[in-house]
Amino acid sequence: MAYRVGVIGGGQLARMMIAPAVELGVEIRVLAEQEGMSATLAATSVGDYRDAETVLAFARDVDVITFDHEHVPQDVLAALVEAGVTVHPGPAALAVAQDKLVMRQRMAELGMPQPEWAAVTGPDELAAFLAENGGRAVVKTPRGGYDGKGVRVVSDAHGADDWFAALAEDANGGALLVEELVDFTRELAQQVARTPSGQIATYPVVETEQRDGVCAEVLAPAPSASARLTDVAASVGAAVAEGLGVTGMLAVELFETSDERILINELAMRPHNSGHWTQDGAVTSQFEQHLRAVLDLPLGQATPLQPWTVMVNILGGPAEGGITERFENAMAQHPAAKIHTYGKDPRPGRKVGHVNVTGVELEDVAYEARAAASLFLD
Ligand SMILES: Nc1ncnc2c1ncn2[C@@H]1O[C@H](COP(=O)(O)OP(=O)(O)OP(=O)(O)O)[C@@H](O)[C@H]1O
Ligand SMILES: [Mg+2]
């Protein structure tokens, strides 16, 4: 009998699990938030992931429940576990990815390298942190942020008053996370897969470029990464996966500093934009690897197929018409480009697809990927 995986959330990450599921013979089901979402091909249910009854009904006939995002509330996760449903990643690990304050606390306990940080509950505490950290800092809402929403550079103790007010009643008692403004030379990401049995596979560390808080491009592996950097990133990734008991894919977003230190920015416990290059550039894609990991199957090799892979996001898409209308031109001009689209309507800044190109010369590969992606924009 085929393995059955249930994915909560119908976005592009769930969508991209469908192809490897078909190839592996895994039956995949998706609980989508709405009709017509990215993963609609496998959306067997539509409903609210915050409602325990809906989620329990969806989980009835699957071997494992996993996720397209980290937002399923802890009481719903607890209800699943209580009902005997296998959940990967599990509630305890997910709790760390759901709240950036919890994440900072746990990373500190594990002795992981990270920026200076504090939990602040009002302008006075923020003022104290600013005074100790050169007058500028990054304030983050602990929960619900994505694509740079909920991240703000402040140099004034009152620069986050609106957020303090909005969060006054929440579980953290209105606390915000404040971090030193890291003067990084570049951003990196480390992908790790871990199975419930404890097998670990680490991908090569990659370089990520964010524009306006959104991932725009990934270079894999990270160019001019020393053996030491590669090793340190892999061991940080593995230590986080083991320390938190993560099951499935883990992405560790990192800052690299001018003195070649790496600091943890944040964690994602699922396939991640920084790992999309693996679809065409690695022996095992992060989506296949995630399915293998949550089913506790042996992991696939995480090694690159070619010296370089460049992933370029299609952000926004064409101002007029659909994405498919641009396909013919992109296919004709860039036959080496692997074009992935998410079935989403174009909208400014929205992630609607990406392009992967692999090859031997980084410059050529990057040129090709950027050129192909640009054909989908105006
Ligand atoms: N402490 C910091 N110092 C300097 N820059 C930072 C810091 N924290 C975040 N940034 C910048 O802001 C971006 C977004 O921050 P973060 O990853 O915490 O937010 P997010 O909205 O959860 O992100 P994502 O887009 O990954 O969902 C980072 O990629 C980085 O460019
Ligand atoms: Mg981030």
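Please treat every number below as a calculation from the coordinates, not as lab data. The structure displayed is predicted, hence computed values, not measured ones. Neighbour counts run over all protein chains shown; Cβ positions are idealised from the backbone, glycine included.
General remarks:
- Cα pair count fraction exceeding 16 Å, expressed as % - region 4-87: 44 percent
- Taken over the chain, the percentage of Cα pairs per 20 Å bin, counting from 0 up to the bin with the maximum distance, is 28, 60, 12, 0.
- Pairwise FRET efficiency - Ala127 versus Asp259, Cβ, R0 = 30 Å, nearest 0.05: 0.55
- Kirkwood Rh, Cα atoms: Rg over Rh of region 236-289: 1.01
- Size of electric dipole in region 184-374: Cβ of Lys, Arg +1 and of Asp, Glu -1, about Cα centre, debye, nearest 20: 460 debye
- Across q = 0.17 Å⁻¹, region 229-378 modelled as identical point scatterers on its alpha-carbon atoms has Debye log10 I(q)/I(0) values of -1.07, in the order of the q list.
- Shape summary of region 94-206, radius of gyration then Dmax from alpha carbon positions: 15.7, 48 Å.
- Over region 116-180, the hull volume per residue, using the convex hull of the C-alpha atoms, is 70 Å³.
- Neighbour-count order for Ile28, Ile18, fewest beta carbons within 10 angstrom listed first: Ile18, Ile28
- Neighbourhood net charge (14 Å Cβ-Cβ; Lys/Arg +1, Asp/Glu -1) for Ser285: +1
- For region 143-267, Kirkwood radius (reciprocal of mean inverse C-alpha pair distance, Å): 16.2 Å
- Whole-angstrom Cα spans of region 295-378 along principal axes, big to small: 44, 35, 21
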